Amino acid sequence: MFKLSLCLLAALMLANVYADNINKDAVITREDVEPADAEGNYQYAFETSNGIQAQEAGNVNGIRGSSSYISPEGVAISLNYVADENGFQPQGDHLPTAPPIPEAIIRALEYIAAHPPSPQ
């Protein structure tokens, strides 16, 4: 899970590298880091002068964090996530969502559930 955290942080930093020129002179304005203790608990948070914010806390059982920034189009992007035994679970208005299940499929599933195949 620590590797996942590092990958996410690296991706966030890499995204900053490719941002427009206003971001090239950004500096860290706040940084709080508590390295992992003997039980594996850790947390960090940082903010930059161009509005990027990130925070994360975790241990061997899971990670919870968030990040936010302003996109090149001027849209506020906010991401909250959990990484635990159920995998990485991001949430944000900018993330795509699955389309609704078509009514015909729902009816077919209901029919199958009501009429299970006979044992052979």
Within region 1-51, take every residue that is among the aromatic types (Phe, Trp, Tyr) and at pLDDT 90 or above and give me the one that is nearest to Asn86 (Cα to Cα).
Tyr42
Per-region count, region 64-120, residues over 21 Å from Phe46 (Cβ atoms) and in a strand (DSSP E or B)
3
Quick check on region 75-108: of everything there that is among the hydroxyl-bearing types (Ser, Thr, Tyr) and touching a strand residue (DSSP E or B) at 6+ places or on another chain (Cβ under 9 Å), which residue is farthest from Ile52 (Cα to Cα)?
Tyr81
Quickly run through region 41-63 and pick out the residues that are in a strand (DSSP E or B), in contact with a Leu (Cβ under 8 Å, 6 or more places away or on another chain) and either among the β-branched types (Val, Ile, Thr) or over 23 Å from Ala26 (Cα atoms) (or both).
Ile63
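The values are calculated or read from the model by the stated rules, or taken from the named source; none is laboratory data. These figures come from a predicted structure and were not determined experimentally. Every residue, glycine as well, gets a Cβ built from its backbone with ideal geometry; the counts of neighbours run over all protein chains shown.
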